[in-house]
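Asker: I have a structure here, written as structure tokens, and I will follow up with some questions on it.
Taken together, the values in this text are just the output of simple stated rules run on the coordinates, not laboratory data. Nothing here was measured: the structure is a model prediction, and the numbers come from that model. With ideal geometry, Cβ positions are generated from the backbone for all residues, glycine too; neighbour counts draw on all protein chains shown.
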4 protein chains.
Amino acid sequence: MSGNTFGTLFRITTWGESHGKGVGVVVDGCPPQIPLDETIIQTMMDRRRPGGSVASTNRKEPDKAVILSGVFEGMTTGTPIMIMIHNKDADSSAYKPYADIFRPGHGDITYQAKYGIRDWRGGGRSSARETAGRVAGGAVAKAILDREKISICAYTVELGGVRAQKRDLSVIDSNPFYCPDAAAALEMEQRVLEVKEQGDSVGGIVEIAAKGVPRGLGEPVFDKLDAELAKALMSIGAVKGVEIGAGFEAARKLGSENNDPITPEGFLSNHSGGILAGISNGDNIVMRVAVKPIPSIAIEQKTIDRLGSPASISIKGRHDISAIPRINVVCEAMVSLVLADHLLRNLSINVPEYFR
Amino acid sequence: MSGNTFGTLFRITTWGESHGKGVGVVVDGCPPQIPLDETIIQTMMDRRRPGGSVASTNRKEPDKAVILSGVFEGMTTGTPIMIMIHNKDADSSAYKPYADIFRPGHGDITYQAKYGIRDWRGGGRSSARETAGRVAGGAVAKAILDREKISICAYTVELGGVRAQKRDLSVIDSNPFYCPDAAAALEMEQRVLEVKEQGDSVGGIVEIAAKGVPRGLGEPVFDKLDAELAKALMSIGAVKGVEIGAGFEAARKLGSENNDPITPEGFLSNHSGGILAGISNGDNIVMRVAVKPIPSIAIEQKTIDRLGSPASISIKGRHDISAIPRINVVCEAMVSLVLADHLLRNLSINVPEYFR
Amino acid sequence: MSGNTFGTLFRITTWGESHGKGVGVVVDGCPPQIPLDETIIQTMMDRRRPGGSVASTNRKEPDKAVILSGVFEGMTTGTPIMIMIHNKDADSSAYKPYADIFRPGHGDITYQAKYGIRDWRGGGRSSARETAGRVAGGAVAKAILDREKISICAYTVELGGVRAQKRDLSVIDSNPFYCPDAAAALEMEQRVLEVKEQGDSVGGIVEIAAKGVPRGLGEPVFDKLDAELAKALMSIGAVKGVEIGAGFEAARKLGSENNDPITPEGFLSNHSGGILAGISNGDNIVMRVAVKPIPSIAIEQKTIDRLGSPASISIKGRHDISAIPRINVVCEAMVSLVLADHLLRNLSINVPEYFR
Amino acid sequence: MSGNTFGTLFRITTWGESHGKGVGVVVDGCPPQIPLDETIIQTMMDRRRPGGSVASTNRKEPDKAVILSGVFEGMTTGTPIMIMIHNKDADSSAYKPYADIFRPGHGDITYQAKYGIRDWRGGGRSSARETAGRVAGGAVAKAILDREKISICAYTVELGGVRAQKRDLSVIDSNPFYCPDAAAALEMEQRVLEVKEQGDSVGGIVEIAAKGVPRGLGEPVFDKLDAELAKALMSIGAVKGVEIGAGFEAARKLGSENNDPITPEGFLSNHSGGILAGISNGDNIVMRVAVKPIPSIAIEQKTIDRLGSPASISIKGRHDISAIPRINVVCEAMVSLVLADHLLRNLSINVPEYFR
């Protein structure tokens, strides 16, 4: 049990259910004297908001983040930072039919099996709303990374079968899918509308790149940087795969192709994704995650009810067609949390006045 | 720091370098009264041994596991189980040239950057030899899983670009690559010999399936079963990608294709890979890992030395052409560790006499 | 860092400052299906309230606990339980003079040294108000212990030099100090009034007894039950000593006096305090803590300001004369947290269907 | 479960039973480039050896510590340091009679209750021999503290009822009890011989002082420095009480007596024991532990056997009369472990180049 805490030194604990009183996060281990206020957090929260693209519902979720502790006169104090997001717009009656029936592809059946009880309103704890706490915590992590000139960017490289053919990061803010290929973005929009029409949903692939990460982060042999990133990203609800650098393509390469030659000016390629033997090598850290299609679809599906009897289900209402692009900022948040934690963990080695 | 411990309740700590006095593992949290002896462990260790296929070196590494504590009269006692494997056949002189030069694709450069010192003999801690401790620990985990009728099997589904076209697990012990497609196995052998001739190396994909896993394992929202498996597998040196169930293919499916319909007799498909919302659903747990090609190749490569000057390197000697199939048992070990740990963690919820 | 989380499986994370927006606790790892509501928590919170005795201030701190997550239809769901207590009656102006001066006996000087910043309003995070989160979390732990028929009681055995001569637990609710000796309680009241008159403060000793604890709790060799209890109790602000069973008196006994003889009916004495080799033996667990006098006193004291210049200080206002008896329920809470956690930890060993 | 690991960043895991193949420790999280060899460790191990005083048995336990990993060319490498002490002189036949009977004051009955199985040879895991791993790990911690000019000293202030009347640390190496009062040491020797004659045993009190500890160590609110020290010390088998600074005497003081006045030159007294609000204040850290008398005595005692039938027991053979003075170095080791861990933990806050 106790799976709601993430990190070793920079550590978050999230809480809250979709239709309860709110969701939130306690950030513990944030160093003191980091400038922080609600605006910094809200900027990141806003990117998680629905309504930005045709793939997302029009539900109103203002997701107003409130800092309740740990900040004094605009600075962190080294004590726990509690950030709460009150729930609004939560009419649970639409979920009443699903109180006694398991939605395919959702955690309804497994939560019931594990706990013998579940808050079915809006998906309860297994709702994507849970990620609001992650993003708020990630915003604090990002404040630390900013100081170190580390930047993290998540962008959509595939959606509904449409692949980005290039990585032009300058255009990701000009299209609703944060896609680094403007033409592909238009196709994605087309594809999403088409699928929406059918009452179906789509998946895709998000790539996350971290720039400016110093060499030396990661703690072999189990808390390797790539291992920790894999856990962080796979813990996001819709994610079914994680790869670093060349990833699954590396399985098809020869050693002579996959190795990154080293020169005095740096690596000549980055198939490693910036991590060697679990430790950052100073190059960009590049990852991709596979995002499954949203399981809530209007098309009728077979299922069973709580008594085990066969049933059928068709999920109506305001649901996203894809977790992309709202999931992108969640990926950024999770990567930020890992990097901030490992920055702090690495301090215990790397400090001249103490140990060199 | 302190990244050499894995697990929450069933927990291993590994230690040792490739050419030091030995490698080993301390298993803490193993329940008492589990039958255990060195034979049980050795059986699993032997599958990690080189020499089984053309992809592996002929080095002699008997990897004899010795139990030094925690077992009394053939049974675990609930106290820490220390298992040691003495190192043999460790002539470090072959590595002397690499003391001051960084092998591409290896951790030489990152260990040097992080610690400012490294045991270069045989790769030191970043050697694949480190996995011997994982396998020994995994054998103890497997003894627990055996009791619960949970079985885990890792097999090769792609090697050097050759893909298995079927999943006939009955043939995996009849070919050197643990490949579930006998014809593909022959092609794989051909491909490996070809690449060996060129002084190069190959990567591949290993699939791991766990059968008999009860429903309810996994601790949302961060210690979800898939998140923990992802970390476990990505922490293995050569692994660059992890996917669960449909994995990256899920990104290309529609919701109506990807959702697994539920019937009173069970799920009609298993795109989820046996995990919903981070909790096992009773179906088989299926994962795949991308294994990069062995970075030690005879072909000359560009690199730098410790002073940052350009250099070139050609790595001769007895090296594997692929981490597959020796890595397969390591994957099984890591999955076993996660499942044993989560079996124990789940006990704190699920017990009638205490809480129901 | 990250020192605001306590426990392994049953785990609390507290947050909040004395004069911030509130204080609270996230309880993670609480088993599902435990009946819980705000009334259960409030009952325990109320015992922490000031105003019950002459030793405590008359400040109004209603300490209204609100459950924000993790409970559905009156039952825990296995997800994190967030409990918040809004701050009220917080006029920080009285603390303004202490923003730049260090109060002797307080954490002002050490928080400043460690973090380089501190929320001086009401003592910030180092205020006794922080314990409200512990008590709320302890109330949840107590709900678990209740099921197991484990009861915990803290009572005052010494205050301002006045010692209880007996352990008559039937009278502890009839006097303001929870003292098991009615006559001593009267003397204590006298003593406290006397000291209050002088602008000074007093310390004392609280004994905590846990009844009904099953045999087998505690995880050697470091997480022994007594070691965990010692940490739990010593982490309370005013506590300077912890002893188990005979405690410091055991140091003066012979082995033949201190050993507890074992009979088929049980132990003939309880010098061990119910714990042998770090594991509960089925007898009552008995501990005592030394509580230092409240450092905030009206008597003038020497100190320095933030620039290191000499200063003098006399702390006026509504301050407790002793942390006793308000600290008693905090002791109960901490002991409850340890026992609930170890009940859950022990489940991973002791379960027939899995391992016997 | 998993109670055999101690520490957060500087972390030890101990293993081994009294009459098994050996005992040992894995130290994880030791920073690289710390000079370390077996001589450094052996020096500390030798102080744990029996035979130094009339209070200890004459058994031969050379306790030869061997480093098996983590050190390269005389320096730590940042990888796990495994230190093993092979067991010798282990004739278990003397313990055969106690295989089915519970020795009062020992863990026999609780280990049996918890695990349903126990290695009764020499006390198994609950033997004081387990502390050899702690001392070896503590020696590594001390190597870190040495760099920071932090020194730790444990000395006997009470034994068998005889109290040291002064703290003359210059004499502690000149008497077998490490007593800072030469005259009291003679009385202690007398007292021990007297009790030995009676087949009985004695307890006592050890004081530990740490000098040179920088301000700022300790992580409120649960991992306060005093809380962590209390756990560390209480986890030692014979310890039944821990106090910091004035400790239990603080309970009898007035606030005006107990507060340590602050001046530009430092604190005018040290009733706090060098810790305020859980954070070190730069003054000496002073603790005391109550050590119970050795439970193995020749005098006949009542007990029961494994079937619950009444029995009587008289424990003959070579047993210490008191855990003092052999326990002293174990106390030093535990305090060293806590301080080394908190030095590293504090680095994540306090570093100009990163956060100020």
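Asker: How large is the charge dipole for chain D, taken about the Cα centre, if only the Cβ atoms of Lys, Arg (+1) and Asp, Glu (-1) carry charge, to the nearest 20 debye?
Answerer: Once rounded to the nearest 20, the dipole reads 760 debye.
Asker: A further question on this structure: In whole angstrom, note down how far apart the Cα centers of the stretch C:202-232 and the stretch A:1-58 are.
Answerer: With the stretch C:202-232 and the stretch A:1-58 each reduced to a Cα centre, they are spaced 36 Å.
Asker: Quick check on the protein assembly as shown: helices-only [θ] at 222 nm, where DSSP H runs of length 4 and up contribute -39,500 (n - 2.57) each and the sum goes over total residues. Nearest 500, please. Don't skip to the end; give the middle numbers.
Answerer: Details: 32 runs with 360 residues, N = 1424.
Counting only the DSSP helices, I get -7500 deg cm²/dmol.
Asker: A further question on this structure: If you build a Gaussian network model of chain A, linking Cα atoms that sit under 10 Å apart, which residue out of A:28, A:341, A:305 swings the most?
Answerer: A:305
Asker: Moving to a separate point now. When a footprinting reagent is the concern and you count Cβ atoms within 10 Å, what order do A:302, D:253 take, fewest first?
Answerer: Fewest-to-most Cβ neighbours within 10 Å comes out as A:302, D:253.
Asker: Treat the count of other C-beta atoms within 10 Å as a stand-in for reagent exposure and order B:100, B:181 from fewest to most.
Answerer: B:100, B:181
Asker: Based only on other Cβ atoms within 10 Å, what is the fewest-to-most ordering of A:72, C:248?
Answerer: Ascending number of Cβ neighbours within 10 Å: A:72, C:248.
Asker: For a Förster distance of 60 Å, can you work out the FRET efficiency between the beta-carbons of residue C:302 and residue A:182, rounded to the nearest 0.05?
Answerer: Computed FRET efficiency for residue C:302 and residue A:182: 0.25.
Asker: Let me ask something else about it. For chain B, what's the relative contact order in percent, using C-alpha pairs closer than 8 Å and at least 6 residues apart?
Answerer: That works out to 21 percent.
Asker: For the stretch D:118-131, what does the Karplus curve 6.51 cos²θ - 1.76 cosθ + 1.60, with θ = phi - 60°, yield as ³J(HN,Hα) per residue in whole Hz, taken in order and with x for Gly and Pro?
Answerer: Result, ordered by residue: 8, 7, 7, 5, x, x, x, 6, 8, 5, 5, 4, 4, 5 Hz.
Asker: What residue of chain C sits with its beta carbon nearest the rotation axis taking C to A, and at what distance in whole Å?
Answerer: That would be C:13, 2, residue then distance in Å.
Asker: Turning to a different aspect of this structure: Mind listing the phi-derived Karplus ³J(HN,Hα) values for the stretch D:271-281, rounded to whole Hz, using 6.51, -1.76 and 1.60 with θ = phi - 60°, and x for any glycine or proline?
Answerer: Per-residue couplings from phi come out as 5, 6, x, x, 9, 10, 6, x, 10, 4, 10 Hz.
Asker: Output the 0 to 90 degree angle, nearest 10, between the alpha-carbon long axis of helix A:225-234 and the longest principal axis computed from the alpha carbons of chain A.
Answerer: In chain A, helix A:225-234 runs at an angle near 10 degrees to the longest axis.
Asker: How would you rank A:183-190, D:119-126, D:233-240, highest first, on the average number of other Cβ atoms within 10 Å across their residues?
Answerer: Ranked from most to least packed, the peptides come out as D:233-240, D:119-126, A:183-190.
Asker: How well do other chains shield peptide C:302-311, expressed as the mean number of their Cβ atoms within 10 Å of each residue Cβ?
Answerer: 3
Asker: With θ taken as phi - 60° and the coefficients 6.51, -1.76 and 1.60, list the Karplus ³J(HN,Hα) couplings across the stretch A:25-40 in order, rounded to whole Hz; mark glycine and proline as x.
Answerer: Taking θ as phi minus 60°, the curve returns 8, 10, 9, 10, x, 6, x, x, 6, 8, x, 8, 8, 5, 5, 4 Hz for the stretch A:25-40.
Asker: Taking springs between alpha-carbon atoms closer than 10 angstrom, which of C:221, C:291, C:329 fluctuates most in the Gaussian network model of chain C?
Answerer: Result: C:221 has the largest fluctuation of those listed.
Asker: Putting +1 on Lys and Arg Cβ atoms and -1 on Asp and Glu Cβ atoms, find which of B:145, B:170, B:334 reaches farthest to the positive end of the dipole of the stretch B:5-355.
Answerer: About the Cα centre, the residue reaching furthest to the positive side is B:334.
Asker: Pick from D:264, D:180, D:50: which is most flexible by mean-square fluctuation in a GNM of chain D where alpha carbon atoms under 10 Å apart are linked?
Answerer: It is D:264.
Asker: Using the crude model of +1 on Lys and Arg Cβ and -1 on Asp and Glu Cβ, and no other charge, please compute the dipole size for the protein assembly as shown relative to its Cα centre, in debye to 20.
Answerer: The calculated dipole for the protein assembly as shown is roughly 0 debye.
Asker: I'd like the mean, over residues of D:266-278, of how many other protein chain beta carbons sit within 10 Å of each residue's own Cβ.
Answerer: Shielding by partners across D:266-278 averages 5.
Asker: For peptide C:120-128, how many partner chain Cβ atoms fall within 10 Å of a residue's Cβ, on average?
Answerer: Per-residue shielding by partner chains comes out at 3.
Asker: Taking amide H atoms as placed 1.01 Å from N in the peptide plane, list the residues 5 or more away in sequence, or in a different chain, whose amide H sits under 5 Å from that of residue C:33.
Answerer: C:76, C:77, C:78
Asker: Starting from a label point 7 Å past Cα on the Cβ side, list the distances from residue B:161 to the same position in the other copies, nm, shortest first.
Answerer: Between copies, matching label points for residue B:161 lie 2.8, 8.9, 9.2 nm apart.
Asker: Additional query: So the label point sits 7 Å from Cα along the Cα-to-Cβ vector; using that for residue D:91, what distances do you get to the other copies, in nanometres, sorted shortest first?
Answerer: 4.7, 8.0, 8.6
Asker: Moving to a separate point now. Just name one of C:323, C:313, C:280: the one whose Cα is farthest towards the positive end of the charge dipole of the stretch C:257-350 (beta-carbon charges, Lys/Arg +1, Asp/Glu -1).
Answerer: C:313
Asker: List the distances, in nm and shortest first, from the label point of residue D:38 to the matching label points in every other copy, placing each point 7 Å from Cα along the Cα-to-Cβ direction.
Answerer: For residue D:38, the other copies' label points sit at 2.2, 6.4, 6.7 nm, shortest first.
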